[in-house]
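This report concerns only the one structure given below.
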Amino acid sequence: MTPSDKRPPERPGGEFPGVVTLVTTSYPVPGHPSSGSFVASLAEALRARTPTQVIAPAGLGEGKAPDGLTLVRYAPRHWQRLAHGPGGLPAALDHPWAWLLLPGFLLTLFVASLRAARRARVLIGNWSLAALAAGLAGRIAGRPVICVLRGSDVNRALSSRPARWMLVRAAGLATRLVTVSPELAQALNTVPGLENADCEVIGNGVASEFFQLPPPEKEGNPLRLLMLGNLTAGKRPGDLLLAVSRLQGPHRVVVDFVGDGPARAPLQRQAASLGVEARFPGRQAHAEIPRRMAACHVLVSASEAEGRSNAVLEGLAAGRVCVASDASGVSDLARQLPQLYEFRTGDVDALTGCLQRLLDHWPAEAQGAEQQRETVRRLIPDWDHCAGRYLDLLRSLPDAH
């Protein structure tokens, strides 16, 4: 076993004496295998230590939910488009018709949460709307509630009055608040009504298989860039195409966009017009992501708003050089990891400069990314460690014993 494969020496948590109910608006459900994959990873890690039930909205697909998952139907099946498309619920709410479905969506999540609260010891709501439903159920049933906030919650609350109302109400009903990065915790305190909110920071974990991936090819020609996630305007995938088109030198560069969304067709046209070699394999089940990661040299995140980029965490764990915008929620890691390059969001020149440096110094950059994996292993937990942090928090709650 190599040093980078070792687990952190400490293993927080332990067994929890009761049922945990996790309420979420995004989760792998029939017809949508890539939706909310990191929430599923947390649920599986919790389930290994304590009985865990998940409540999630149904989608467009048919099929029976697996054990441990309760699907909530909030409309006729062909109308159930709020939760599992590219960008999830926040993207769906950009369409006026989606707001007509929102009351039924919230009501059915609340009813399912209230039923589950009868046997649950504690409820965990992921994202503000699910946390609002769980919080109302917890208040009625006398159960503690953890409200887990992510980047879309806080970013939308700063620009949307309905989103702010929802976030403030969910936080007010919660026993404790959790965010996934220090930057997000600071941003939460800029939301009107939450200036003094006290948050616990528990970052997302990474599957252990990413730490076990072999290092990338040292040759780096062609240099393979990977961008993971929804192809939406907020992820700024077009910035990567522009940056690649400006690179100098004989190296061939190939970009893989693994994801889907409304920006896909415009991106394909942009890549063709710029002469950039880009591939679009579409959305992938999370089980396929390690294979995609193994085939790349560099992981890029250009997003304009992230709580903490799961793709960047996985890229670092895999020993890849990562290039991330300063809105990707990894600034604290960038200060400690030389092969995590950070650039100002929307600054295509700065992104181009980062990529040009990688081209000019590629063998050394690849070696540096592999050498920093032990440091990465200390900074980024696996999902078992992450679940342990949650269980430590749950045991500290009043009425959770």
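The values are calculated or read from the model by the stated rules, or taken from the named source; none is laboratory data. Source: prediction; values computed, not measured. Every residue, glycine among them, receives a Cβ derived from its backbone with ideal geometry; neighbour counts consider all protein chains shown.
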From the list V321, V348, V312, pick out the single residue that is more than 21 Å from the chain's Cα centre (by Cα), of a type in the set (V, I, T) and closer than 21 Å to L228 by Cα.
-> V348
Consider V122 against the criteria (1) closer than 24 Å to A40 by Cβ; (2) among the aliphatic types (A, V, I, L, M); (3) out of contact with any Pro (no Cβ under 8 Å at 6 or more places or on another chain): it satisfies all of them except one. Which criterion is unmet?
-> (3)
How many of the residues in region 174-211 are surrounded by fewer than 19 Cβ atoms within 10 Å (Cβ to Cβ) and closer than 17 Å to L299 by Cα?
-> 1
Do you know which residues across region 126-168 are over 20 Å from L101 (Cα atoms) and surrounded by fewer than 19 Cβ atoms within 10 Å (Cβ to Cβ)?
-> R139, I140, A141, G142, L158, S159, V168
What tally of residues in region 349-381 results from selecting those that are crowded, with 19+ Cβ neighbours inside 10 Å, in contact with a helix residue (DSSP H, G or I) (Cβ under 7 Å, 6 or more places away or on another chain) and hydrophobic (A, V, I, L, M, F, W, C)?
-> 5
Kindly indicate which of E209, E200, E183 is touching a residue at least 12 places away in the same chain (Cβ under 8 Å), among the charged types (D, E, K, R) and closer than 19 Å to A305 by Cβ.
-> E183
Does T21 satisfy the criteria of being surrounded by 16 or more Cβ atoms within 10 Å (Cβ to Cβ), within 23 Å of G135 (Cα to Cα) and at pLDDT 95 or above?
-> yes
Say whether the condition of being closer than 22 Å to G329 by Cα, assigned by TED's automatic domain parsing to the domain that holds Q53, in contact (Cβ under 8 Å) with a residue 24 or more places away in the chain and part of a loop (DSSP other than H, G, I, E, B) is met by at least one residue in region 89-110.
-> no
Please find, among E288, E304, E314, E277, the residue that is of a type in the set (D, E) and crowded, with 18+ Cβ neighbours inside 10 Å.
-> E314
